[in-house]
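Below is one structure, written out as structure tokens, with a few remarks after it.
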Amino acid sequence: MTEHYSDSHLRRILNRTRRIAVVGVSLNEVRPSYYVARYLSLKKFEVFPVNPAYAGQSVFGREVHASLSDIGEAVDMVDIFRRPEHVPEVVDEALEAFPELQTIWMQIGVVHEAAAEKARARGVDVIMNRCPKIEYQRLFGELRMGGFNTGVISSKL
């Protein structure tokens, strides 16, 4: 998979997104799903954690839901932290639960072309094999503190 996403496309998605369901979130602080969801919540995204193993518990001040359909509110993006073979069922549930869904985002290492095509056919943007935390930091000038040249000129320190 060598799909290319322009910076302007990724920036547009991140700018329009306010509510994110994170599927496969962990309560273990060293797991990527935990710190990505935590970072997004600190950036003022409304994060809905989803993981049946932790349903009913709380993380980042939010209740963990067993499934997407348990959220009961609209979300703009579904961020998937599941192995590729589980993606089709997540995408199907997301399309059913959220008629106004704008984006399916599959984390680094997660690619499922058939599920992506199904979502695109419904008018949903799909990003695969990327991390919204990394892209947010890169596109909005935050990675510079780690020594990365983001190409974003900013006076923020």
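On full extension, the segment bounded by A121 and H4 gains 40.2 nm, given 0.36 nm per residue less the C-alpha separation. Protein heavy-atom surface of the range 1-145, 1.4 angstrom probe: 48% of the accessible area is carbon and sulfur, with nucleic acids and ligands not counted. Remark: relative contact order (the chain) = 18 percent; criterion is Cα-Cα distance under 8 angstrom and separation of 6 or more residues. Rg then Dmax, both in Å and based on the Cα atoms of the range 52-92: 11.1, 30.
Counting only GluC sites (Glu not before Pro) that DSSP places in a loop and that have at most 11 other Cβ atoms within 10 Å, the longest clean stretch of the chain runs over 101-157.
Can you give the longest stretch of the chain with no exposed loop site, where a site means trypsin sites (Lys or Arg not before Pro) in a DSSP loop (not H, G, I, E or B) with at most 10 other C-beta atoms within 10 Å? Can you show the working numbers first?
Details: sites that count: K44, K156.
Answer - 45-155.
Quick check on the range 1-70: what does the Kirkwood estimate of hydrodynamic radius come out to from the alpha carbon pairs, in Å?
Working: mean 1/r = 0.0769 Å⁻¹.
About 13.0 Å, per the Kirkwood formula over Cα pairs.
For the chain, the solvent-accessible area of protein heavy atoms averages 52 Å² per residue (probe radius 1.4 Å; ligands and nucleic acids excluded). Paramagnetic label reach from R62 (point 7 Å along Cα→Cβ; backbone nitrogen cut-off under 20 Å): within the range 77-104, residues 77-83, 87, 90-104.
Decide, for the chain, between rounded, prolate and oblate: order the square roots of the alpha carbon gyration tensor eigenvalues as a ≥ b ≥ c, take rounded if a/c falls under 1.5, and otherwise choose prolate if a/b is larger than b/c, else oblate. Verdict is oblate for the chain.
The values are calculated or read from the model by the stated rules, or taken from the named source; none is laboratory data. Predicted model only: the values in this text are computed from it and were never measured. In this analysis, Cβ positions are derived from the backbone assuming ideal geometry, glycine residues included, and neighbour counts consider all displayed protein chains. To get the accessible areas, we keep the full protein, side chains included, count just its heavy atoms, and leave off ligands, DNA and RNA. Shrake-Rupley method; radii C 1.70, N 1.55, O 1.52, S 1.80 Å.
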